[in-house]
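The values are calculated or read from the model by the stated rules, or taken from the named source; none is laboratory data. Values in this document were obtained by computation on a predicted structure and should not be read as measured data. FYI the Cβ positions are ideal-geometry reconstructions off the backbone, even for glycines, and counts take in every protein chain you see.
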Amino acid sequence: MSVQRVLSVLLMFAWLAACGSADEPTKPPPVEETVFRDVAVTPLEKAKNVQNVVDEQKRATDRAVEQNESDQ
């Protein structure tokens, strides 16, 4: 192999080694602290609130049915 070829290969390896990162990847912040909060968190909170309303309506209906059955 010629000296020029060896130097080219060494330069290519040095360039590829420089592309790597020695830093550990950082953990992304919680969704609540990003611009995606309104897309990810708010709809979930709304859905949980709606579920709570539906659950309460079901409990009220169940109580009314039980009371009606006990009256008969």
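When the residues of the stretch 22-47 are filtered to those that are surrounded by fewer than 10 Cβ atoms within 10 Å (Cβ to Cβ) and part of a helix (DSSP H, G or I), the one that is modelled with the highest pLDDT is GLU45.
Scanning the stretch 1-21 for residues that are part of a helix (DSSP H, G or I) and modelled with pLDDT under 75 yields ALA18, CYS19.
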